1. In nm, what is the difference between 0.36 nm times the number of residues separating residue 47 and residue 200 and their Cα-Cα distance?
2. With every protein chain left in place and a probe of 1.4 Å, what is the accessible surface of residue 185, to the nearest 10 Å²?
3. Rounded to the nearest 10 Å², what accessible area does residue 203 have for a 1.4 Å probe in the complete protein model?
4. Treat each spin label as a single point 7 Å out from the Cα along the C-beta direction, and report the residue 84 to residue 121 distance in nm.
5. Once the piece of chain linking residue 145 and residue 179 is laid out straight, how much longer is it, given 0.36 nm per residue of separation minus the C-alpha distance between them?
6. Distances longer than 15 Å among the Cα atoms of segment 142-224: what percent of all pairs is that?
7. Over the chain, with every protein chain in place, what whole percent of the accessible area is carbon and sulfur at 1.4 Å, could you tell me?
8. Please report the accessible area of residue 95 (heavy atoms, 1.4 Å probe, ligands and nucleic acids excluded) in Å², nearest 10.
Amino acid sequence: MGRAQTSGGDAARAGEAAGEVRARKVELSWSAVAAYATVHLVCLGAIWTGVDRTMLIVFAVCYAVRLLGLTVAYHRYFSHRAFKTSRAMQLVLGVLGALTLQGGVIWWAETHRRHHRAADTPDDLHSPHYLGFWYAHFGWFLDKKHRATRLEAVPDLSRYPELVWLDTWHFVPFVALAVGLYAALGAGAMIWGAFIPTVILWEYTHWVQSMSHMLGGYRRWDSPDRSRNHWILATIAFGEFHNNHHRFPSSAKQSCAWWEPDVGYWFLRALAALGLVWSVRVPHLNEEREGSEA
């Protein structure tokens, strides 16, 4: 697919808009900065605890489960409603997503929907083209202007009291995980199971928000934004092929070729087989078939 052409006048106006947006004052939430830095610093404890077979198993399990909470729960379900489920399972998905320590479920969904509505425009929360690489990478969520949850903007989620509670106390599942691992298996398991996967998942999200709208990769679809697929990142992130996703945001499947593995979608198919989710949406399959027949 070709990229949209931009005229010299459009490029100049975009450059002026980018300059105006970058000139906006950023006021950091120092409590968020402190929490963000603390989680990274705790990971350094692995230097003293070392690593053994048990810690690696704990890491692998906690990494996989929490990554599914990110890509399947927070992203595909709460942000894009790519499938349906029961109210009880919805809460389970919310807790799994909260384990990633990426903010409340309603906050995550609302800011992500806002990003899609204005992707790579001056109104985008974290476009690297208008706000710079580092602000898009992690500065935006440390900015006070983006810290509050706009409950009124997501009535489909805020009408559930249990989700509002979980959004407010989103750190509770993570704290419970960390304390439980420490009590059961010691400090090493806590660091390798709770803290190190958290930082890795943060980095996945950061790189998607910055690099996947800026450099490298490939564009399968000529979407109006500048999203792109990065194969390695998408694969280890269980199927987050970003250009595919921006072309079909409501799709539960984010891969469009056999060589784009999508573990998140495979997991959803397993849940559907068990009757735990249903109405799994895959709209791009019809368009692919139409294209192959043309």
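1. 53.4 nm
2. Surface open to solvent at residue 185 totals about 90 Å².
3. Spelled out: residue 203, probe radius 1.4 Å, area about 60 Å².
4. 3.1
5. Numbers: separation 34, 0.36 × 34 = 12.24 nm, distance 3.15 nm.
Computed gain between residue 145 and residue 179 is 9.1 nm.
6. In whole percent, the share of Cα-Cα pairs in segment 142-224 beyond 15 Å is 74.
7. The computed percentage sits at 64.
8. Rounded to the nearest 10, the figure is 60 Å².
The values are calculated or read from the model by the stated rules, or taken from the named source; none is laboratory data. Not measured: the values here are computed from a predicted model. A quick note on method: Cβ atoms are made from the backbone with ideal geometry, for glycine too, and the neighbour counts reach across all protein chains shown. In case anyone asks, the SASA skips ligands and DNA or RNA and just uses the protein heavy atoms, side chains included. Shrake-Rupley method; radii C 1.70, N 1.55, O 1.52, S 1.80 Å.
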